[in-house]
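Engineer: Dumping the structure here so I can ask a few things about it.
Read-outs throughout are calculated quantities, based only on the coordinates presented, and are distinct from any laboratory measurement. Since the model is a prediction, treat every value here as computed from it, not as a measurement. Positions of Cβ are generated from backbone atoms using ideal geometry, with glycine treated the same way; all protein chains shown enter the neighbour counts.
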Amino acid sequence: MGSNVDAANMEETRSALREKNPKIVFVLGGPGSGKGTQCASIVEHFGYTHLSAGELLRAEAQSGSEDAPMIKNMMSEGTIVPSEVTIKLLAKAIMKNENDKFLIDGFPRNEENQVAFESITGIEPEFVLFFDCSEEEMEKRILTRNQGRLDDNIDTIRKRFKVFVESSLSVINYYNSKGKVKKIDASKPVEEVFEAVKAVFAPVDDKSG
Ligand code: UDP
Ligand code: MG
């Protein structure tokens with residue numbers, strides 16, 4: 001019975017989401033590439049709402065819900081949680097918020113995530129912001145950020161890099177083939193990276209030259 005109620009709720013959320021039809025920017029890049037940091041600045045300057053798929057999953061893993069143990073296990077291994085779980089959390093977060101423009105950070109992480117999101121929500125991203133950073137730099141950042149994350153240990157970091165290269169890069173390539181990727185050199189200091197980010201979000205007026 002519980003699952004019938006769930007299914008009904010999900011169907012409602014879906015049609016509400018299709019009706020809302022929010023503007024979505026996917027923010028992608030390897031672990032430690034600076035997605036969360038830059039999203040905070042984008043929110044401040046450009047009025048988006050930031051949704052981190054990883055944060056939503058971490059909260060769900062702590063919630064004691066039916067899915068919590070599975071999510072916790074998968075995150076500690078750096079593997080990708082089933083699409084319907086992540087999409088449900090994202091859909092709820094979008095519907096709970098009055099804003100109509102969202103940064104979705106750290107999702108879609110594989111082709112299945114991407115296909116499922118578009119078919120369930122009917123929404124295509126405006127564009128994809130891709131933070132391009134070397135593994136060496138990303139590893140250094142994660143090992144010094146001390147956010148108390150269980151997956152920020154060297155073994156899981158290596159697994160997350162592997163998953164990024166094997167599963168997530170293909171999503172970036174897919175959107176690149178559709179001309180939707182704005183690539184940012186994310187190896188630089190935070191302020192310099194944000195200058196490049198600003199150029200993407202600021203209204204473009206290049207008619208003058
Ligand atoms: N994760 C997932 N699906 C998502 C986003 C995150 O399964 O759409 C899981 C995955 O196990 C990942 C972890 O959550 O390694 C942490 O993701 P987050 O984006 O917070 O970390 P990042 O890799 O960006 O540092
Ligand atoms: Mg993050």
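Engineer: First measure r as the distance between the Cβ atoms of D185 and K159, then evaluate 1/(1 + (r/R0)^6) with R0 = 25 Å and state the FRET efficiency to the nearest 0.05.
Structural biologist: About 0.50, to the nearest 0.05.
Engineer: Continuing with the same structure: With the Cα gyration tensor of the chain in hand, give its eigenvalues times 5 under a square root as the equivalent ellipsoid semi-axes, listed largest first in whole angstrom. Could the numbers behind the result be given before it?
Structural biologist: Working: eigenvalues 142, 108, 45 Å².
Gyration-tensor ellipsoid for the chain: 27, 23, 15 Å.
Engineer: So, one more: Mind checking the full-extension length gain between N146 and D100? Use 0.36 nm per residue of separation minus the Cα-Cα distance, one decimal, nm.
Structural biologist: Contour length minus the Cα-Cα distance gives 13.3 nm.
Engineer: Now for a separate question. Treat the count of other C-beta atoms within 10 Å as a stand-in for reagent exposure and order K183, K23 from fewest to most.
Structural biologist: So the ranking, lowest neighbour count to highest, is K23, K183.
Engineer: Let me have the 222 nm mean residue ellipticity of the chain computed from DSSP H runs of 4+ only, each contributing -39500 (n - 2.57), with the sum over all residues rounded to the nearest 500.
Structural biologist: On the way: 10 runs with 117 residues, N = 209.
Per the formula, -17500 deg cm²/dmol.
Engineer: Let me ask something additional. What is the order of V43, V25, fewest Cβ neighbours within 10 Å to most? Spell out each step's value before the answer.
Structural biologist: Numbers: V43 14, V25 22.
The fewest-first ordering by Cβ neighbours comes to V43, V25.
Engineer: Would you mind calculating the gained length between S134 and V43 on full extension (0.36 nm times residue separation, minus the Cα-Cα distance), in nm to one decimal? Display every interim value, and only then the final one.
Structural biologist: Details: separation 91, 0.36 × 91 = 32.76 nm, distance 2.53 nm.
Roughly 30.2 nm would be gained on extension.
Engineer: Given the Cα atoms of region 1-102, and with Rh set as the inverse mean 1/r over their pairs in the Kirkwood sense, what is Rg to Rh to two decimals?
Structural biologist: With Rg and the Kirkwood Rh in hand, the quotient comes to 0.98.
Engineer: Treat every Asp and Glu Cβ in the chain as -1 and every Lys and Arg Cβ as +1, leave all other atoms uncharged, and give the resulting dipole magnitude about the Cα centre to the nearest 20 debye.
Structural biologist: Details: 27 positive and 34 negative charges, 26 e Å.
Here the chain has a charge dipole of around 120 debye.
Engineer: Can you pull the Rg over Rh of region 48-104, Cα-only, Kirkwood?
Structural biologist: On the way: Rg = 11.7 Å, Rh = 11.8 Å.
The Rg/Rh ratio comes out at 0.99.
Engineer: Residue farthest toward the positive end of the dipole of region 125-209, with Cβ of Lys/Arg at +1 and Asp/Glu at -1: which of C133, Y174, T144?
Structural biologist: Y174
Engineer: Moving to a separate point now. If you line up the Cα atoms of region 86-153 on their principal axes, what length do they span on each, largest first, in Å?
Structural biologist: Between the extreme Cα coordinates on each principal axis of region 86-153 lie 38, 23, 20 Å.
Engineer: Relative to the present Cα-Cα distance, how much length would full extension add between M70 and A8 at 0.36 nm per residue of separation? Before the final figure, lay out the partial values.
Structural biologist: On the way: separation 62, 0.36 × 62 = 22.32 nm, distance 2.28 nm.
Additional length available on full extension: 20.0 nm.
Engineer: Exposure proxy check: T156, T79 ranked by fewest other beta carbons within 10 Å? Could you put the intermediate results ahead of the total?
Structural biologist: Working: T156 18, T79 13.
With the fewest neighbours first, T156, T79 line up as T79, T156.
Engineer: Now, a different point. Over 26 Å between C-alpha atoms is what I'm after, so list which of K35/K140; K101/K180; K23/K178; K159/K198; K96/K162 land there. It would help to have the intermediate numbers written out before the result.
Structural biologist: Working: K35/K140 15 Å; K101/K180 17 Å; K23/K178 17 Å; K159/K198 32 Å; K96/K162 34 Å.
Over 26 Å Cα-Cα: K159/K198; K96/K162.
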